[in-house]
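Trainee: Submitted below is the structure of interest, expressed as structure tokens.
The values are calculated or read from the model by the stated rules, or taken from the named source; none is laboratory data. Quick caveat: nothing in here was measured; it's all calculated off a predicted structure. Counting neighbours? That spans all protein chains shown, and the Cβs are built from the backbone with ideal geometry, glycine included. To get the accessible areas, we keep the full protein, side chains included, count just its heavy atoms, and leave off ligands, DNA and RNA. Shrake-Rupley method; radii C 1.70, N 1.55, O 1.52, S 1.80 Å.
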Amino acid sequence: MARIVDNALLLDQSFQPPAEEEPQIIFRADTTQLFDENYGYGRRPKIEMLWRLAVPGPWDRYRDDAWDFPRPVRAADAGLLQKAGWVARLDSGRSHLEIGKAGFVARLVSRDQAIVDMVDQCDAKAVAARLDTSRLAFYDEDALAHAVKDGPILHHLETAAGQALARGPFSVLDKTGLAPSGDPQDYFHPAPYWWPAPDRPDGLPYIRRDGERVPGTALYAAGSETYDRTRLQRVFDDTTVLALAATVLDGHHYAVHAARLIRAWFIDPRTRMNPHLRYAQVRSGHDNNEGSGHGIIELKDFYFFLDAVRLLERTGVLGDEDREAFRAWLGSYCEWLDTAPAAATAFCSSSNQGTYYDLQRASIATFLGDSATLAKISLYARERLATQIAADGSLPRELSRTRPRHYAMFTLQGWTSLARVLSSVGDNLWQHKTAEGLGLVQALHWLVAHENKPHTMSAETVDPDRLGPLLLDLTHHDPAGMPPADLGRATKPIFHPDEAIAPFWLWRRR
């Protein structure tokens, strides 16, 4: 076969192109030779026949890979062949795929990409068939409907909602500091473990002291008013508590105040946060004083906050303009997540940063009805599991930190939340296992088995109740592997946000 890049050349009867491309085979009507169907497309179906018919060519020198079928025996009529001439492959309109070795490589890449695109489209259609953007993705509809029976928890909810009513609304304009950009509507928070270099007059560039927080970077701590992190968390937590209260306690005033919080932070052009995290976890003297990607995690709680927005939209406190503006904000933020170098750093991370990137992106995709992104996140999550879980079920990257106990639990909370969001479209991440037979259940088993072993995880002080949600997950997904006596630790409704446990998590999906 000859690849033609100018079809007009074929009108010249003297034109003789170099017919050096893959051979073409013409069959007689009475042929007894057929292609072997065991050789799928791309795995030498034509070459196998040429071997069988003893047609000499460069394919005789091809390397056999371990997964290839053995070469066939010669056919009875091997060697009884004639060369008829050449055929033309007409101009495809993409000459860069037709000429020389570069074109050959480009064709392979283009073909592979087309196959991947087709499979992605199939995955997206499968997800779209199960995706309902109005349905809760983290909290359980039935659990909320029956929450009126949870007496002690309802008391906690009423108290928390009363406190939330007395706060806010909040805005990025409230901070006393300013992002390096000089724009007060840019979110700003310094990297918590990066300190001024003591041997330099200006302290630049900052140096890392893992586990030691810079003053003002801890949630609710003195000095945190300088930055945006504490107020952002108030927006997430207070909005969610108020939305749950409006749903369970049937109090419209809760929904009204929650709507104010959303408008001030995400909707009102005068007060809203710009839709990016360029200045989240800034390390002074690094990356032009922009965040390196670790700051992406500061919006990790979209997974439960977006359920709160769904609940509020059902009450009517957010009008059509509010709904449209909020979705536009999310769309712009996703565009930044998909293109910004800092976001790419978070996505490529093999630690909890990558897990919480997937959780955040999947949560937004579920809310916006982006089935294509949701399908891709499902695949990324499975690849990420293989890089994070060791052969014994542990999380080596988190165990290398100065607070291994905290980070092991923190990471697994992210994984279990991601599993819930994916389960809302019928995707069972709980039962997925890596090539080594490991998955979330095995990682939870490891954590439970090593919780009180200081030689595995340092004896740092953590809230002993924060293991409770993970224990409950283990008993749901591996009933035989969880001691019933431990389940008494799974009742506390509200945890510190640093522990990555959603408010009133007991009403979550399984």
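Trainee: Just one of (1) modelled with pLDDT under 90; (2) in contact with a helix residue (DSSP H, G or I) (Cβ under 7 Å, 6 or more places away or on another chain); (3) surrounded by 14 or more Cβ atoms within 10 Å (Cβ to Cβ); (4) not polar (S, T, N, Q) trips up Ile47, so point out which.
Mentor: Only one criterion in (1) modelled with pLDDT under 90; (2) in contact with a helix residue (DSSP H, G or I) (Cβ under 7 Å, 6 or more places away or on another chain); (3) surrounded by 14 or more Cβ atoms within 10 Å (Cβ to Cβ); (4) not polar (S, T, N, Q) is unmet by Ile47, namely (1).
Each row is one residue, and each column tells you yes or no for (1) more than 30 Å from Val425 (Cβ to Cβ); (2) outside any loop (DSSP other than H, G, I, E, B); (3) under 45 Å from the mean Cα position of the chain (by Cα).
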residue: Tyr39; (1), (2), (3): yes, no, yes
residue: Glu48; (1), (2), (3): yes, yes, yes
residue: Gln121; (1), (2), (3): no, yes, yes
residue: Ser134; (1), (2), (3): no, no, yes
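Trainee: Touching a residue at least 60 places away in the same chain (Cβ under 8 Å) and not in a loop (DSSP other than H, G, I, E, B): is that true of Tyr356 in this structure?
Mentor: Numbers: touching a residue at least 60 places away in the same chain (Cβ under 8 Å): yes; not in a loop (DSSP other than H, G, I, E, B): yes.
In short, yes.
Trainee: Let me ask you something else. Restricting to segment 257-295, name every residue that is buried (at least 23 other Cβ atoms within 10 Å of the Cβ), β-branched (Val, Ile, Thr) and closer than 22 Å to Gly182 by Cβ.
Mentor: Selection gives Val282 alone.
Trainee: Right, another one. Pull up segment 246-256, narrow it to residues that are in a loop (DSSP other than H, G, I, E, B) and open to solvent by 40 Å² or more (accessible area, probe 1.4 Å), then point me to the one that is modelled with the highest pLDDT.
Mentor: To start, the set of residues in segment 246-256 that are in a loop (DSSP other than H, G, I, E, B) comprises 249-251.
Next, only the ones that are open to solvent by 40 Å² or more (accessible area, probe 1.4 Å) stay: 249-250.
Numbers: Leu249: 94, Asp250: 91.
Looking at residues that are in a loop (DSSP other than H, G, I, E, B) and open to solvent by 40 Å² or more (accessible area, probe 1.4 Å), I get Leu249.
Trainee: Name the one entry in Asp358, Asp307, Asp338 that is surrounded by fewer than 22 Cβ atoms within 10 Å (Cβ to Cβ) and not β-branched (Val, Ile, Thr).
Mentor: Among Asp358, Asp307, Asp338, only Asp338 is surrounded by fewer than 22 Cβ atoms within 10 Å (Cβ to Cβ) and not β-branched (Val, Ile, Thr).
Trainee: Tell me whether segment 421-438 contains one or more residues that are in contact (Cβ under 8 Å) with a residue 60 or more places away in the chain, part of a helix (DSSP H, G or I) and open to solvent by less than 20 Å² (accessible area, probe 1.4 Å).
Mentor: yes
Trainee: Would you confirm, using the coordinates I've provided, whether Val73 is of a type in the set (A, V, I, L, M, F, W, C), assigned to a loop (DSSP other than H, G, I, E, B), free of Cβ contacts under 8 Å to residues at least 40 places away in the same chain and open to solvent by less than 40 Å² (accessible area, probe 1.4 Å)?
Mentor: Working: of a type in the set (A, V, I, L, M, F, W, C): yes; assigned to a loop (DSSP other than H, G, I, E, B): yes; free of Cβ contacts under 8 Å to residues at least 40 places away in the same chain: yes; open to solvent by less than 40 Å² (accessible area, probe 1.4 Å): no.
No; evaluated as a whole, the condition is false for this residue.
Trainee: Now a separate question. In the set Ala54, Ala19, Ala29, which member is in a loop (DSSP other than H, G, I, E, B) and either in contact (Cβ under 8 Å) with a residue 60 or more places away in the chain or under 21 Å from Gly93 (Cβ atoms) (or both)? Steps first, answer last, please.
Mentor: On the way: Ala54 fails: either in contact (Cβ under 8 Å) with a residue 60 or more places away in the chain or under 21 Å from Gly93 (Cβ atoms) (or both); Ala29 fails: either in contact (Cβ under 8 Å) with a residue 60 or more places away in the chain or under 21 Å from Gly93 (Cβ atoms) (or both).
Residue meeting the stated conditions: Ala19.
Trainee: Then there is this: If a residue has to be open to solvent by less than 40 Å² (accessible area, probe 1.4 Å) and either modelled with pLDDT under 95 or among the β-branched types (Val, Ile, Thr) (or both) to count, how many in segment 169-185 make the cut?
Mentor: Number satisfying all stated conditions: 1.
Trainee: Go through the residues of segment 225-234 one by one and say whether even a single one is assigned to a loop (DSSP other than H, G, I, E, B), modelled with pLDDT of 95 or more and closer than 22 Å to His276 by Cα.
Mentor: Yes, because at least one residue in segment 225-234 is assigned to a loop (DSSP other than H, G, I, E, B), modelled with pLDDT of 95 or more and closer than 22 Å to His276 by Cα.
Trainee: Any chance you could count how many residues in segment 95-128 are more than 30 Å from Ser378 (Cβ to Cβ) and open to solvent by 40 Å² or more (accessible area, probe 1.4 Å)?
Mentor: Of the residues in segment 95-128, 8 are more than 30 Å from Ser378 (Cβ to Cβ) and open to solvent by 40 Å² or more (accessible area, probe 1.4 Å).
Trainee: For Arg63, work out the one condition from (1) surrounded by 10 or more Cβ atoms within 10 Å (Cβ to Cβ); (2) modelled with pLDDT of 90 or more; (3) under 22 Å from Arg111 (Cα atoms); (4) not hydroxyl-bearing (Ser, Thr, Tyr) it doesn't fulfil.
Mentor: Against the list (1) surrounded by 10 or more Cβ atoms within 10 Å (Cβ to Cβ); (2) modelled with pLDDT of 90 or more; (3) under 22 Å from Arg111 (Cα atoms); (4) not hydroxyl-bearing (Ser, Thr, Tyr), Arg63 comes up short only on (1).
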